1. In the stretch 71-83, is there at least one residue being within 18 Å of GLY99 (Cα to Cα), in a helix (DSSP H, G or I), over 13 Å from the mean Cα position of the chain (by Cα) and modelled with pLDDT of 90 or more?
2. Among residues belonging to the stretch 44-62 that are crowded, with 18+ Cβ neighbours inside 10 Å and not β-branched (Val, Ile, Thr), point out the one that is nearest to LEU22 (Cα to Cα).
3. Taking the stretch 36-65 on its own, how many of its residues are among the charged types (D, E, K, R), more than 14 Å from LEU89 (Cα to Cα) and under 18 Å from the mean Cα position of the chain (by Cα)?
4. Out of all the residues in the stretch 32-56, which are touching a helix residue (DSSP H, G or I) at 6+ places or on another chain (Cβ under 6 Å) and either assigned to a helix (DSSP H, G or I) or of a type in the set (Ser, Thr, Tyr) (or both)?
5. Can you confirm whether LEU65 is buried (at least 16 other Cβ atoms within 10 Å of the Cβ) and in a loop (DSSP other than H, G, I, E, B)?
6. Which residues, taken from the stretch 1-29, are outside any strand (DSSP E or B), within 16 Å of the chain's Cα centre (by Cα) and modelled with pLDDT under 90?
7. Of everything in the stretch 84-101 that's among the aliphatic types (A, V, I, L, M) and either within 19 Å of GLU17 (Cα to Cα) or crowded, with 18+ Cβ neighbours inside 10 Å (or both), which residue is nearest to the chain's Cα centre (by Cα)?
Amino acid sequence: MAGTAARSPAYGVVMVEVSGELDIATRDRLRAEVEPWLRAGRELVLEVSGLTFIDASGLAGLLELDRLAGRAGTRLLIAGHSRPVHRLLQMTGLDGHFGPAERPAARPRLPLEPLHLQPGDRAPGIRRL
């Protein structure tokens, strides 16, 4: 898990970009990075579009941070849902818990060249089973 923080002093919001994996091995590192901001009463936005994996312990870590934010009188929001985050939040009924529910960002489409096939031609890379 990697994280970089950027603060917007005009609005008192801190944004932390989280990437890689969020699991039992990395959740304490995330907490150590963002806990001081929450204790200071700063609204925190976790931008998680770069998160490639999250498991139940990672989700538990996010819920702990959410409780900490509530006790500090602020809130924790999650933005930029990656597919793993979106799926886990949906499966657990927590989509919308950390702010507005989002759909995962669409994968960028590769530019495709038209493929002109005649009846009976085989498309390259496709075989019959």
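The values are calculated or read from the model by the stated rules, or taken from the named source; none is laboratory data. Since we're looking at a predicted model, the values are computed, not measured. Ideal geometry is used to build each Cβ from the backbone, glycine not excepted, and the neighbour counts take in all protein chains shown.
1. Yes, some residue in the stretch 71-83 is within 18 Å of GLY99 (Cα to Cα), in a helix (DSSP H, G or I), over 13 Å from the mean Cα position of the chain (by Cα) and modelled with pLDDT of 90 or more.
2. Within the stretch 44-62, the match that is nearest to LEU22 (Cα to Cα) is GLY58.
3. So the count comes out to 3.
4. As a first pass, look at the stretch 32-56 and keep what is touching a helix residue (DSSP H, G or I) at 6+ places or on another chain (Cβ under 6 Å): 38, 44, 48, 51, 53-54.
Of everything in the stretch 32-56, just one residue is touching a helix residue (DSSP H, G or I) at 6+ places or on another chain (Cβ under 6 Å) and either assigned to a helix (DSSP H, G or I) or of a type in the set (Ser, Thr, Tyr) (or both), namely LEU38.
5. Details: buried (at least 16 other Cβ atoms within 10 Å of the Cβ): yes; in a loop (DSSP other than H, G, I, E, B): no.
No, not satisfied.
6. MET1
7. VAL85
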